[in-house]
Amino acid sequence: MLRQRKIVLGLAAARLIVALIAGFPGAAAGDGLGENAGQGNGAVADLNFGFKVGPSFAEHAGTEERGAEYRVSSHWRESFAAGAFLRFPITSRLATQQEIVYARKGSRQDIGVDVLEIPTVLGVTYDMDYIEIAALLRFAWLQWGGREVYSLGGTALCLKVDDHYRLRGEVSDGEQVVPIWADADMSEVDMFDFAFVYGTGFEFAAAGRRWFAEYRFSIGWNTLAMPTYAFVPFGEDSVLIDNEPVPLKNQNHLILLGITF
C-alpha cells in the first residue's frame, strides 16, 4: 500500500513538473530570441537572420618556391564586403549559420622577373570579386546580460563574378627604356575557389535589436594560377612575353558590423 502511494505521488509530481516547464515563459523553443537570446539561460532561440557589412583587406599568399624565376612582394587590396545570413540554433550557445557574402579580393604585387633576359620589376594589380556561400558553426563562449562573445568556423564555396588583371613596368638596357603592359580580364583563372573561414565577434542588444561586431578571415584551399604575361611594343605591333603564372592563394580579412532580426 505504501509503495503504491509513493508511485502515485511520484507520477503526480512528474506531471506537475512537466506542466510547469511547458508553461514557463521562454521554456519553449520559440520564446528565446528576443530578450533571452545570448543570456545563457538554456533557452533555444528561433531561426533568425541578419546582415553584415564592413571593410576588407585582401591579399595573395605564395605557395611555392620557384628559385630565381621570379620574386614576389604582395600588398593589400583594400575594399569592402557585405552579406546576409540565416542562423539555425541547436542549443542556446551552438548554432549553424548559412551565409552569402559579396567579397572583393585580390592583391597588389611587385613581381621581379627577367624580361628578354633583363631583370625588371612589374607592378601588377589583381582584382577578383567573389560571391561566398558559407556553411559555418557558431559557438557562444561567454554570455552575460544580453551580450555574448562568440567564434565561428567552416567552409565556403567562392564563385568569381568579376576580375581584372593590370600590369605596368619598364625594361631598360641602360640606353633605351621600353614600357611593358597588360590590361585584361582573368578568364583563364579558375572561376571556383574553396575557402576555410573562421572568426570571432561580440554581440549585444541595443534599440530593441541584436547588433554585432565581427572579425572574419578566409583563406583559399586551392592554388590559383595568376597571370604575369605582358606586352612589349615592337614597331607598330606588340610582342607577347608569356611568363609562367604565379601560384597564389586568396586571403581576406574582414571587419564587419551587423544586425540580427
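The values are calculated or read from the model by the stated rules, or taken from the named source; none is laboratory data. The structure displayed is predicted, hence computed values, not measured ones. Reconstructed Cβ throughout: ideal geometry from the backbone, glycine too, with neighbour counts over all protein chains shown.
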message: Let me spell it out: the conditions are (1) surrounded by 15 or more Cβ atoms within 10 Å (Cβ to Cβ); (2) closer than 20 Å to A103 by Cβ, and Y150 meets all of them except one. Which number is the exception?
response: (2)
- prompt: Are any of the residues in the stretch 185-192 closer than 24 Å to A81 by Cβ, assigned by TED's automatic domain parsing to the domain that holds S238 and assigned to a strand (DSSP E or B)?
  reply: yes
task: Can you confirm whether the stretch 139-148 contains a residue that is touching a Leu at 6+ places or on another chain (Cβ under 7 Å), of a type in the set (D, E) and either at pLDDT below 90 or assigned to a strand (DSSP E or B) (or both)?
output: yes
field: Condition check for Y130: among the hydroxyl-bearing types (S, T, Y), out of contact with any Cys (no Cβ under 8 Å at 6 or more places or on another chain) and either in a strand (DSSP E or B) or modelled with pLDDT of 95 or more (or both)
entry: no
message: Please verify whether S238 is part of a strand (DSSP E or B), in the same structural domain as G54 (by TED's automatic domain parsing) and either among the aromatic types (F, W, Y) or over 14 Å from E132 (Cα atoms) (or both), treating the condition exactly as stated.
response: yes
message: Just to verify a result, which residue in the stretch 160-181, among those that are over 16 Å from S107 (Cα atoms) and surrounded by 14 or more Cβ atoms within 10 Å (Cβ to Cβ), is farthest from the chain's Cα centre (by Cα)?
response: V178
statement: Of the residues in the stretch 103-118 that are touching a strand residue (DSSP E or B) at 6+ places or on another chain (Cβ under 7 Å) and free of Cβ contacts under 8 Å to residues at least 40 places away in the same chain, the one that is farthest from G199 (Cα to Cα) is D110
- prompt: If you go through the stretch 163-179 one residue at a time, do you hit one that is touching a residue at least 24 places away in the same chain (Cβ under 8 Å), part of a strand (DSSP E or B), under 30 Å from N48 (Cα atoms) and not acidic (D, E)?
  reply: no
